[in-house]
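All remarks here apply to the structure that follows.
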Amino acid sequence: MDLLLMGPPGAGKGTQGVRLAEALGIPKFATGDLLREAVRLGTPLGLKAKAVMEAGHLVSDEIILGIMREQLARPEAGRGVLFDGVVRTIPQAEGLAALLAESDRQLDRVLFLDVSDAEILDRLAKRRTLESRADDDPRAVVVRLRAYREQTAPVIAWYEQHGSVTRIAAVGTVDQVATRVRAALGMP
Ligand code: AMP
């Protein structure tokens, strides 16, 4: 099963993704985590991405498509993948569809974690004190939200035309949201 989790920054994709991937027994792959790790290790990818990420902008489609290809080539990706925040532009959505089609696969479902702007700002401010992520800085948050609205939100409409999107209210406790996510997939 190949699933994509989408939603604005702070929607809880990472938290819900870990639980869901474990429940489904498939690997979770998050471009944000892989990029942060590359920055931490100072790899050529990390050096390219660092300033862009810290300012809150999106990394280029070319870089993201390269990461997608690498991840999909891993043996553990053969039985399906939970893609967490991996697709943020329409060219990335087209690229992922083409990569999956190379092994006769397609996204089975897109889960959209929906949350209001006021809630996002509140969550990111809290996360900043806990995780000290440079891109949770208030100025970077404004840029990230703009990138989300201008480049990522249209991808949800694109998926609505091309496949099946399930909108999940990502408010309440982590457990409440996890219950809605499982229900959306018909899981107990
Ligand atoms: P995240 O932790 O998912 O919010 O990602 C952190 C940062 O990594 C984002 O603000 C972007 O700079 C970059 N990033 C992660 N995934 C993508 C993607 N699919 N396309 C472009 N940039 C990405």
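Please turn the phi angles of the stretch 109-122 into ³J(HN,Hα) values with the Karplus equation 6.51 cos²θ - 1.76 cosθ + 1.60 (θ = phi - 60°), one per residue in order, whole Hz, x for glycine and proline.
Karplus-based 3J(HN,Hα) across the stretch 109-122 equals 7, 10, 9, 9, 7, 9, 8, 6, 4, 4, 5, 4, 4, 5 Hz.
Would you mind telling me the share, in percent, of accessible area of the chain contributed by carbon and sulfur at probe 1.4 angstrom?
Working: 5290 of 9730 Å².
In the chain, the share of accessible area belonging to carbon and sulfur is 54 percent.
Excluding residues on the same chain fewer than 8 positions from residue 28, give the lysines whose Cα lies under 21 Å from its Cα.
Within the straight-line cut-off, residue 28 pairs with 13.
Could you identify which residue out of 131, 150, 94 has the top mean-square fluctuation in a GNM of the chain using Cα springs shorter than 10 Å?
Its mean-square fluctuation being the largest, the pick is 131.
Just the number, please: Stokes-Einstein D of the stretch 2-182 in µm²/s, Kirkwood Rh from C-alpha pairs, 37 °C, 0.692 mPa s. Write out the running numbers ahead of the final one.
Numbers: Rh = 16.6 Å.
Result for D is 197 µm²/s.
Only Cα pairs under 8 Å and at least 6 apart count here; give the relative contact order of the chain as a rounded whole percent. If you can, show how the numbers build up before the last one.
On the way: 257 pairs, mean separation 62.2, N = 188.
Relative contact order here is 33 percent.
With springs only between Cα atoms under 10 Å apart, run a GNM on the chain and tell me which of 17, 25, 80 wobbles the most.
Taking springs between Cα atoms under 10 Å, the residue moving most is 25.
Using a 1.4 angstrom probe, figure out how much accessible area the stretch 2-182 has per residue, in square angstrom, rounded to the nearest whole.
51
How many angstrom lie between the Cα centre of the stretch 36-61 and the Cα centre of the stretch 161-188?
One Cα centre to the other: 30 Å.
Rank 40, 109, 19 by mean-square fluctuation in a GNM of the chain with C-alpha springs under 10 angstrom and give only the top-ranked residue.
Sorting by GNM fluctuation, first place goes to 40.
Once every DSSP H run of n ≥ 4 in the chain is given -39500 (n - 2.57) and the sum is divided by its residues, what mean residue ellipticity at 222 nm do you get, rounded to the nearest 500 deg cm²/dmol? Can you show the working numbers first?
Working: 9 runs with 106 residues, N = 188.
Taken over the chain, the calculation gives -17500 deg cm²/dmol.
The values are calculated or read from the model by the stated rules, or taken from the named source; none is laboratory data. Just so it is clear, the structure is predicted and the values come from calculations on it, not from any experiment. These accessible areas exclude ligands, DNA and RNA; they are computed on the full protein's heavy atoms, side chains included. Shrake-Rupley method; radii C 1.70, N 1.55, O 1.52, S 1.80 Å.
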